[in-house]
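The numbers here are math on the coordinates, done by the rules we state, and not lab data. If you're wondering where the values come from, they're calculated on a predicted model, not measured in any experiment. So basically every Cβ, Gly included, is an ideal-geometry build from the backbone, and we count neighbours across all protein chains shown.
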Amino acid sequence: MAEKFDPYREALIVETLTTWPEEYDDWESSERTRLEKLLHAQPDAAGELEYIRTHTGFCRRITVTPADIQRLAN
């Protein structure tokens, strides 16, 4: 379930995850890594954002959407 960007939780991020839809399985890992870095650099612009509570803070999980790809594929 997508959540709104939360500056409080962002300050407590200790881990990040990126979930890719199956349709992008054939992409080169270098391109996926590049886009993941861009997505996590601006989490407030991500289409699907989720915060997962951990023992030491929060994990930010971004699920890649076609809109994210279109915005960052340059």
Roughly how tilted is helix 29-41, in degrees to the nearest 10 and between 0 and 90, from the longest Cα axis of the chain?
40 degrees
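Among residues other than ASP44 whose Cβ falls under 10 Å from its Cβ, what is the net charge (Lys/Arg +1, Asp/Glu -1)?
Numbers: positive: LYS4; negative: ASP6, GLU10.
With Lys, Arg at +1 and Asp, Glu at -1, the net is -1.
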Quick check on the chain: what are the equivalent-ellipsoid semi-axes from the Cα gyration tensor, as sqrt(5λ), descending, whole Å?
22, 12, 11
State to the nearest 20 debye the size of the charge dipole of the chain about its Cα centre, where the only charges are +1 on K and R beta carbons and -1 on D and E beta carbons.
360 debye
Quickly estimate the mean residue ellipticity at 222 nm for the chain, helices only: each DSSP H run with n ≥ 4 gives -39500 (n - 2.57), and the total goes over all residues, rounded to 500.
-8500 deg cm²/dmol
